[in-house]
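Each remark here refers to the structure printed beneath this line.
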Amino acid sequence: MSARYDCADTQQRDEGLVAAVSAVQAGQLVVLPTDTVYGVGADAFNPKAVTDLLAAKGRGRNMPPPVLVGSVRAAAALTESLGAFGQDLIDEFWPGPLTLVFRSSPTLMWDLGDTLGTVAVRMPLHPIALDLLRRTGPMAVSSANRHSLPAATTADEAQTQLGDAISVYLDGGPCADNVPSTILDLTGTVPRLLRAGALSVDDLRKVVPVIDLPAASGAEPELSPADRRAAAAIAAANAANGADAANDGKPDDPADNPEPGD
């Protein structure tokens, strides 16, 4: 039987956080609010808990969840390196709706699925999420919904979809915004936009002047005409060099793209 806590009530918020920490430490699943949508989370270092998270959503190992952190130090410990742009992007946009893909540290003893040696990391701008993450450490978190269904923006929606697969529901009220996080891949020489989201390309270019954009056929509607022209030029250059412009194997975002999500 699931337990649910109304975090608008101070006592329930405190009790809920204690219960959620205990559940995560016991390898169980919790639902938490974030600055985008509700997420379902598990201990990132507990392979069975991560497997249960994927099963609850109806997803396979080929769609590994990202990892949410409560501090920059925690994020750095998960990565081989923040690279040339990671620290500047973190300084400018975290906590917030930017997911960064790094090469994961080879010393980590975890199994998020078929990540191909990478990890997608984000620090959410939500007080309940940050409080929980600072108590539990890094959590594998995906949007609180069954695969292919809309991402939950309320605790009610999350509970309707996930039911008793979740041990603790933290009800933080309706999400303020359901626009997914922007995903930027920093594993190559040039940062690559994997998905447009809450942060625009123009926002990112204030920190990273050159960004490899998606192929024109897959460009998001919010990309400007100049961005689409740049994407088309990159796609043409990749085709000429015989490069594969697909994103297969990259860690998935909580959004279950194209669903809206974290």
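Observations on the structure shown:
- As a size descriptor, the averaged projected area of the C-alpha convex hull of the range 165-209 was calculated at 5.4 nm².
- Extended-chain gain in nm, criterion 0.36 nm per residue less alpha-carbon gap, Asp164 and Asn62: 34.3 nm
- Building the convex hull from the alpha-carbon atoms of the range 81-150 and averaging its projection over directions returns 6.1 nm².
- Protection-proxy order for peptides 101-108, 142-149, each taking the mean of Cβ atoms within 10 Å per residue, highest first: 142-149, 101-108
- Protection proxy ranking, peptides 64-72, 172-180, average beta carbon neighbours within 10 Å, highest first: 64-72, 172-180
- Alpha-carbon spread of the range 1-83, three principal axes, descending order, Å: 42, 30, 25
- Residue-count net charge about Leu162 - beta-carbon cut-off 10 Å; Lys, Arg +1, Asp, Glu -1: 0
We did not get these values from a lab; they are worked out from the coordinates using the rules stated. Being a predicted model, the structure only gives us computed values, none of them experimental. A quick note on method: Cβ atoms are made from the backbone with ideal geometry, for glycine too, and the neighbour counts reach across all protein chains shown.
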